[in-house]
Number of protein chains: 2
Amino acid sequence: MKVILYIGVTANGLIAGEDDNASFVEVDSWKGFEKIYKKAGNIIMGRRTFGLSIVDGTFPYQDALNVVMSHKKIKNEWGENVLITDQSPRWVITKLEELGFSEAFIAGGGIVNSAFMKEGLIDEIYLDVEPIAFGKGVPLFAPDDFEVNLELIGSKNLNSNTIQLHYAVKK
Amino acid sequence: MKVILYIGVTANGLIAGEDDNASFVEVDSWKGFEKIYKKAGNIIMGRRTFGLSIVDGTFPYQDALNVVMSHKKIKNEWGENVLITDQSPRWVITKLEELGFSEAFIAGGGIVNSAFMKEGLIDEIYLDVEPIAFGKGVPLFAPDDFEVNLELIGSKNLNSNTIQLHYAVKK
């Protein structure tokens with residue numbers, strides 16, 4: 001199982017503003033996001049990211065099993081392509097393996113990202129670095145105890161100002 | 001006056017660990033750092049960065065006016081190539097202009113970086129993105145109220161795993 005984290009960040013490593021707003025993420029980044037989660041066939045997210053996706057009308061993401069990780073109870077009103085769980089990152093990955101997936105796609109936010117990192121479960125990271133910086137917001141990884149070395153697989157310009165960094169996590 | 005911020009960051013936008021350790025910054029990044037601060041002829045830093053530079057033996061940086069911004073009193077034991085001040089970012093830039101500099105080089109840490117950003121004083125940012133991520137540490141910008149759009153001037157690989165992103169701050 002290959003576990004992929006894909007996320008748009010500011011140049012200073014934030015994934016949203018204080019108000020959870022991530023509208024700085026450019027259309028070219030969303031295209032890459034969509035291509036890669038659809039290839040995985042699933043998309044894993046935390047409760048805040050779920051809430052934002054409801055608000056902006058993107059939930060449930062199409063052509064994928066939507067996995068929502070939440071310790072608060074959320075009623076599944078969407079049916080079979082939505083899985084809501086209060087289980088651990090490792091449980092989620094095992095579940096996806098049982099369901100026949102060979103890739104898992106993590107879409108944030110910071111708490112979920114860190115939870116998977118801390119368990120050593122992430123294999124690859126795509127960072128779409130957007131041409132913006134601001135002083136307050138949600139960091140890519142919520143403060144947690146982990147440290148990993150990365151290998152830069154590649155970088156590519158998504159447009160004249162957005163660059164994608166693609167890393168493998170060294171194990 | 002062109003004001004440059006140059007700093008090594010983790011892939012998730014941290015400039016040091018919880019213990020202020022920034023030993024993850026690779027030698028190729030330090031080479032670029034040295035080249036650019038020497039061209040500017042000055043290097044501006046906050047009190048913590050100053051303290052770390054004392055500890056690792058790099059202070060005072062050679063061939064440059066070392067400007068230490070500190071609200072706590074520090075005795076100048078180094079002479080003319082060190083300027084210690086409790087004045088504002090704008091005062092520092094004006095002072096450097098008076099001294100005949102055409103570039104100012106900011107070397108961190110997060111509080112100083114944000115102070116200059118908040119005043120709209122930074123023109124260019126170099127980020128040497130190191131192949132590491134960890135969950136707790138010092139962010140590139142200390143939490144503060146600013147938001148700027150950036151223009152990606154260019155990117156270049158400093159070695160197989162470290163990439164330098166070079167931005168202009170849109171004004």
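When you scan the range A:77-143 for strands (runs of 3 or more DSSP E) that lie fully inside it, which ones turn up with 3 or more residues that are more than 16 Å from A:GLY46 (Cβ to Cβ) and within 13 Å of chain B (Cβ to nearest Cβ)?
The strands (runs of 3 or more DSSP E) meeting that bar are A:124-129, A:132-134.
Show the residue pairs meeting these rules: Cβ distance below 9 Å; 6+ apart or different chains; first residue within the range B:30-57 and farther than 19 Å from B:GLU80 by Cα; second residue assigned to a helix (DSSP H, G or I) and open to solvent by 20 Å² or more (accessible area, probe 1.4 Å).
B:ARG48/B:ILE111
For the range A:152-171, state whether one or more residues are touching a residue at least 12 places away in the same chain (Cβ under 8 Å) and away from chain B (no Cβ under 13 Å).
Yes, because at least one residue in the range A:152-171 is touching a residue at least 12 places away in the same chain (Cβ under 8 Å) and away from chain B (no Cβ under 13 Å).
Checking the conditions here, which among A:ASN66, A:ASN81 is in contact with a Leu (Cβ under 8 Å, 6 or more places away or on another chain), crowded, with 18+ Cβ neighbours inside 10 Å and of a type in the set (S, T, N, Q)?
A:ASN66
Of the residues that sit in the range B:158-171 and are polar (S, T, N, Q) and out of contact with any helix residue (DSSP H, G or I) (no Cβ under 9 Å at 6 or more places or on another chain), which one is surrounded by the most Cβ atoms within 10 Å (Cβ to Cβ)?
B:ASN161
Only residues in the range A:2-21 that are more than 8 Å from every other protein chain (Cβ to nearest Cβ) and farther than 20 Å from A:VAL67 by Cβ count as the first member; pair them with residues that are buried (at least 24 other Cβ atoms within 10 Å of the Cβ) and of a type in the set (Phe, Trp, Tyr), Cβ under 9 angstrom, at least 6 apart or cross-chain, and list the lot.
If the second residue must be buried (at least 24 other Cβ atoms within 10 Å of the Cβ) and of a type in the set (Phe, Trp, Tyr), no pairs are left.
Scan the range A:2-20 for residues that are more than 10 Å from the chain's Cα centre (by Cα) and either over 20 Å from A:ILE54 (Cβ atoms) or among the polar types (S, T, N, Q) (or both) and jot them down.
Hits for the range A:2-20 are A:LYS2, A:VAL3, A:VAL9, A:THR10, A:ALA11, A:ASN12, A:GLY13, A:LEU14.
When the range A:85-100 is examined, which residues are found to be closer than 22 Å to A:MET117 by Cβ and open to solvent by 30 Å² or more (accessible area, probe 1.4 Å)?
Within the range A:85-100, A:ASP86, A:GLN87, A:SER88, A:ARG90, A:TRP91, A:THR94, A:LYS95, A:GLU97 qualify.
Looking at B:ASN149, B:ASN161, which is the one that is of a type outside the set (Asp, Glu), assigned to a loop (DSSP other than H, G, I, E, B) and at negative phi?
One residue alone meets the criteria, B:ASN161.
Looking at this structure, is A:GLY154 surrounded by fewer than 17 Cβ atoms within 10 Å (Cβ to Cβ), modelled with pLDDT of 95 or more and part of a strand (DSSP E or B)?
It is true that A:GLY154 is surrounded by fewer than 17 Cβ atoms within 10 Å (Cβ to Cβ), modelled with pLDDT of 95 or more and part of a strand (DSSP E or B).
Only one residue in A:GLU103, A:GLU130, A:GLU119 is surrounded by 22 or more Cβ atoms within 10 Å (Cβ to Cβ), acidic (Asp, Glu) and under 25 Å from A:PHE50 (Cβ atoms). Which one?
Of A:GLU103, A:GLU130, A:GLU119, the one residue that is surrounded by 22 or more Cβ atoms within 10 Å (Cβ to Cβ), acidic (Asp, Glu) and under 25 Å from A:PHE50 (Cβ atoms) is A:GLU130.
Here are the criteria: (1) open to solvent by less than 20 Å² (accessible area, probe 1.4 Å); (2) touching a strand residue (DSSP E or B) at 6+ places or on another chain (Cβ under 7 Å). Tell me which single one A:GLY135 does not satisfy.
(2)
Can you work out which of the residues in the range B:1-60 that are out of contact with any strand residue (DSSP E or B) (no Cβ under 8 Å at 6 or more places or on another chain), within 30 Å of A:LEU140 (Cα to Cα) and in a loop (DSSP other than H, G, I, E, B) is least open to solvent (accessible area, probe 1.4 Å)?
Going through the qualifying residues, I end up with B:ASN21.
The values are calculated or read from the model by the stated rules, or taken from the named source; none is laboratory data. Every value quoted in this text rests on a predicted model; they were computed, and no experiment measured them. Heads up, the Cβs are rebuilt from the backbone with ideal geometry, glycines too, and the neighbour counts pull from every protein chain shown. Each accessible area value is taken on the protein alone, full model and side chains, heavy atoms only, with ligands, DNA and RNA left out. Shrake-Rupley method; radii C 1.70, N 1.55, O 1.52, S 1.80 Å.
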